[in-house]
Amino acid sequence: MRFGTLTFLTMVILLGVLPVPVRPSPRHAGPETNSFDAPGAGKTAGSGQGTFPKSICSSGAGAVTGHYSDSNNVNHGFLRSPWGEFTTFDAVGAGRTGGSGSGTFPESINGAGAITGHYIDSNNVNHGFLRSPAGEFIAFDAPGAGKTAGSGSGTFPDGINGAGAITGHYVDSNNVNHGFVRGPTGEFTTFDAPGASSAGSGNGTFPESISGAGAITGHYIDSNNVNHGFLRGPGGEFITFDAPGAGEIAGSAQGTFSDSISEAGTITGRYIDSNNVNHGFVRGPTGEFTTFDAPGAGRTEGSGWGTFPQSISGAGAITGHYIDSNDLNHGFLRSPGGEFITFDAPDAGKTAGSGQGTFPESISGAGAITGHYIDSNNVNHGFLRIP
């Protein structure tokens, strides 16, 4: 159609109302799982070498720390930036004898980028370390930590909070475990959970996680070799607890294992029932319990299979792994409302009976998850699952 000497299209252009093509909105991208190997990580088939991420920054963009085992079976620390760049490091004094299993083992990173963990020296004694965000090291030993060569005794930090307070356990010269807190300026407080056995053979108190306020959770082993959870308040007061259904058979190593505490005081962990099957639990800030099993978790009596929570975010999301009836490991994410997503890292091994699979270790405030997987050649690789 024409209007005088102007075409309809010309008029539309002059009026400034030329139709704009409508493009479909981009679809929301689903979770993305990326695998990675630390530089220098060993990859010998069947060796168990490789990369082992342990902790992701609870805040910020998601820096990851952990350790890797090289081709000589010596362990080294690494820091992976949110953009994938690696910094590898060794604590001062860490042993480096090939085949010894010695070296550096980071365990936890806080929001500022400070890292804590332990190292094994050339005498097979363990020591704690703190690595600052700038890369400076401080080595430390908890008061009373054993230092006998070849004993495997020493200091084992497990968690660091935003203020720089560190918790963990130490093994004394009698092979008894005790808890400790190292303050931001280096002062130590040692402690034992009420009911913890003071006999040898590895009994005692095992802190695992510390909140920003300084509340600590973990487990202790009593004189009957049964495990119980504990919460130590910032002022040093204790609450001990058992998850509903936890086994209590003397000598069985059954019971409650508390692994992670959120900023709100919610605790997650696992318990072993009287049939030696593992189940997850959540303990709320006021002490109420919810128990759970990941979909697909094996429940055969005596198998040791089941559900293994590892870490809880500030919002209450939980990650960990479960072992199915084929002895394969898979990752899970449990939402604060109790909904489950299960997942496998790319290239995770799936040989029945092998113990291969996916092992999440830590979740950030934004829901990013890190951990490792074992491939079909029994080599370990890191992964980062981005929501």
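Quick note: the coordinates plus some simple rules give every number you see, no bench work behind them. Note that this is a predicted model, so its numbers are computed, not measured. We place every Cβ from the backbone using ideal geometry, glycine too, and count neighbours over all the protein chains shown.
Data for the structure
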read-out	value
The chain, helix-only ellipticity at 222 nm - DSSP H runs n ≥ 4, -39,500 (n - 2.57), divided by all residues, nearest 500	-500 deg cm²/dmol
Pair-distance profile P(r), taking every C-alpha pair of segment 150-250, with 5 angstrom steps and integer %	3, 14, 24, 24, 18, 12, 5, 1, 0
Burial order of peptide ranges 71-83, 263-275, 307-319 (average beta-carbon count within 10 Å, highest first)	307-319, 263-275, 71-83
Charge context of T266, other residues only, Cβ under 13 angstrom, K/R +1, D/E -1	-1
Separation of alpha-carbon centers, segment 234-277 and segment 186-226, rounded to whole Å	12
Value of relative contact order over segment 53-153, rounded to a whole percent, pairs C-alpha under 8 Å and six or more apart	20
Zone of S252's modelled label, taken as backbone nitrogen in segment 211-235 under 15 Å from a point 7 Å along Cα→Cβ	222, 224-228
Mean separation of Cα contacts under 8 Å (6+ apart) over length of segment 288-387, as relative contact order %	20
Around Q49: net Lys/Arg minus Asp/Glu count, Cβ-Cβ under 14 Å	-2
I369, I386 arranged by Cβ crowding within 10 Å, fewest neighbours leading	I386, I369
For G146, distant residues with modelled amide H under 5 Å away	G154, V171, D172, S173
Unit charges on C-beta of K, R, D, E only; dipole of segment 36-386, Debye	400
D_trans [Stokes-Einstein, Kirkwood Rh over alpha-carbon pairs] for segment 237-309, 25 °C, 0.890 mPa s, µm² s⁻¹	196
Farthest positive-ward along the chain dipole, Cα basis, beta-carbon charges - from G186, T370, A215	T370
Whole-angstrom Cα spans of segment 49-127 along principal axes, big to small	38, 23, 16
Largest-first ellipsoid semi-axes for segment 36-386, taking √(5λ) over the Cα gyration tensor eigenvalues, angstrom	26, 25, 21
Per-residue ³J(HN,Hα) for segment 102-117, Karplus 6.51 cos²θ - 1.76 cosθ + 1.60, θ = phi - 60°, Hz, x for Gly and Pro	7, x, 10, 9, x, 10, 8, 10, 9, x, 7, x, 6, 10, 10, x
Segment 36-386: relative contact order in percent, alpha carbon pairs under 8 Å with at least 6 residues between	11
Equivalent ellipsoid dimensions for segment 225-363 as semi-axes, Å, which come from the Cα gyration tensor, largest first	25, 19, 11
Inter-centroid distance (Cα atoms) of segment 78-131 relative to segment 351-372, Å	20
Amide H within-cut-off set for S362, under 5 Å, with H built and near neighbours excluded	T370
In order through segment 177-183: 3J(HN,Hα) via Karplus (6.51 cos²θ - 1.76 cosθ + 1.60), integer Hz, x for Gly, Pro	9, 9, x, 8, 10, 10, x
Amide proton proximity set for D259, modelled H, under 5 Å, gap of 5+	T268, G269, R270
HN-Hα J in Hz across segment 251-264 - Karplus 6.51, -1.76, 1.60, θ = phi - 60°, x for Gly and Pro	x, 8, 6, 6, x, 10, 10, 8, 10, 8, 10, 8, 5, 7
